[in-house]
1. Summarise the accessible area of the chain (1.4 Å probe, protein heavy atoms) by the percent that is carbon and sulfur.
2. Let me know the Kirkwood hydrodynamic radius for the chain, please, with Cα pairs as the basis and the value in Å to one decimal.
3. According to the Cα gyration tensor, what semi-axes, each the square root of 5 times an eigenvalue, does the equivalent ellipsoid of region 136-195 have, listed from largest to smallest in whole Å?
4. Return the sequence-ordered ³J(HN,Hα) values of region 270-283 in whole Hz as given by the Karplus equation 6.51 cos²θ - 1.76 cosθ + 1.60 applied to θ = phi - 60°, using x for Gly and Pro.
5. Near the amide H of G28, under 5 Å away, which other amide H atoms are found, from residues 5 or more places off or on another chain, if H is placed in the peptide plane?
6. Under a 1.4 Å probe, what is the accessible area of the chain per residue, stated in Å²?
7. Taking region 101-146 on its own, what percent of its Cα-Cα pair distances exceed 16 Å?
8. Taking amide H positions as placed 1.01 Å from N in the peptide plane, with prolines and chain starts having none, which residues 5 or more places from M323, or on another chain, fall under 5 Å of its amide H?
Amino acid sequence: MAVAPSSLPNATQVDGERWEAHRLADLGKCYRGVSYDPDRHLLERPRPDSIQLLRSNNVQVASLDLAETQHVVPSCVAPDQIMRTHDILICTANGSKELVGKAAAFAPPDAGPYTFGAFMSCFRPNPAAVSPRFASYLFQTTEYRRQVALALAGSSINNLRPAQIEDMVFRVPDRARQEVIAGVLDAATAFLGTLGGLASKKEAIRQGATDQLLSGRLRLEGFDGPWLERRLGDVGRWSGGMTPSMANPDFWDHGTTPWVASGDVKRHRLTDTALHITDAAIDMTGATILPRGSVVIVTRSGILRRYLPVATLLKPMAVNQDMKAVIPNPDVDSEFLLQAIRANGSQILATCLKAGTTVESIEYSWLKDYALLLPPLTEQQAIAAVLHDMDAEIEALEAQRSKAALLLQGMIEKLMLATPWLA
């Protein structure tokens, strides 16, 4: 069944140019992914003739992550399933409906060849019918997402068939205009990639500096005092949290005190949270208000499978019961403590996670027994300042990258969907 909107005319005039409506089947062909037997076709390690297999997790937002691939034997891969430059890889089945349809164009790296798995499809533009670069941007438009949603509507299976992809309809200008649009969007995409690469380099430098400075292997000029091992339980006063009754609006409506849940700890320095509690909640429930400079650690959450969320409070806040907080002693710098716990996050999880729990959680007593090396306060402050400045540079780049990503998406919508624009 075609998924083109009934309101889409066969052609439209945009700035005096004619944009024709085409099914994707007129512009290329969609191929199913490889069906393979894991026991016979999947390889534990690559060999000279193996083919790298791309799956849903390799498709990010409009880009491919080729860092983790599997390898299969050539016998299970048809010639048309070997990926080519400008192929668009599409996730066609996923437990989450929101992830079905995510797509990214393929640009082969030095190593290859590549194919794609059974829950994927590949749209291969026909260069005689459409600019392959232009075609790749069609899959980043809201119109594409709308047609994906329409194709999935009413189905209990989150599965997008190749025929449904080929039935999607888009308006397309003449070849010359396609190339102009693709060139503009390629330049914006390249700029976005440059910002991402620069942020990655800065992060690698910060990680190296963290390893050296927080271990004492590299000392800042003017410092030579001894470092002492300190248990986390001894670096400050510890506190837990709680959740005022969500059923009582007096505890939440028009609240002014930030209340930290694990989902808020996505940044390392918190100035606000999604929810706030009222003075009534504080007075009636005994919720602890932590002072500025407290360091909060998520101790119960599925996210602990991946990393240890930790943050410093930049204003007084309350926390929920899935977190622990430490209010540093006068001889412990809050920013240094944040950096030290961040740097030791993987080791803390390896040492302090409970076994056999349905939701990952940290044993509180083990956490407080975990030991860090701490220099004198003045050296803590100097190290913290260096690492804080590095964090600020990375955060500024990430903010610039986020703005550039929004600008790019706006350009895609403006240029790809036949709306008037300035040449």
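The values are calculated or read from the model by the stated rules, or taken from the named source; none is laboratory data. It should be emphasised that the depicted structure is a prediction, and the values quoted were computed from it without experimental measurement. Reconstructed Cβ throughout: ideal geometry from the backbone, glycine too, with neighbour counts over all protein chains shown. When the accessible area is computed, the model is the full protein with side chains, heavy atoms only, and any ligands, DNA or RNA have been set aside. Shrake-Rupley method; radii C 1.70, N 1.55, O 1.52, S 1.80 Å.
1. Working: 11310 of 21040 Å².
Using a 1.4 Å probe with all protein chains present, the chain comes out at 54 percent carbon and sulfur.
2. Details: mean 1/r = 0.0394 Å⁻¹.
With all distinct Cα pairs of the chain included, I get 25.4 Å.
3. Values: eigenvalues 159, 50, 13 Å².
Result for region 136-195: semi-axes of 28, 16, 8 Å.
4. Ordered by residue, 3J(HN,Hα) equals 9, 10, 7, 9, 5, 10, 9, 9, 8, 4, 5, 4, 5, 5 Hz.
5. Residues meeting the amide H criterion: N126.
6. Working: 21040 Å² over 423 residues.
Roughly 50 Å² per residue, with all protein chains present.
7. Values: 518 of 1035 pairs.
Value for region 101-146 (Cα pairs over 16 Å): 50 percent.
8. G241, T299
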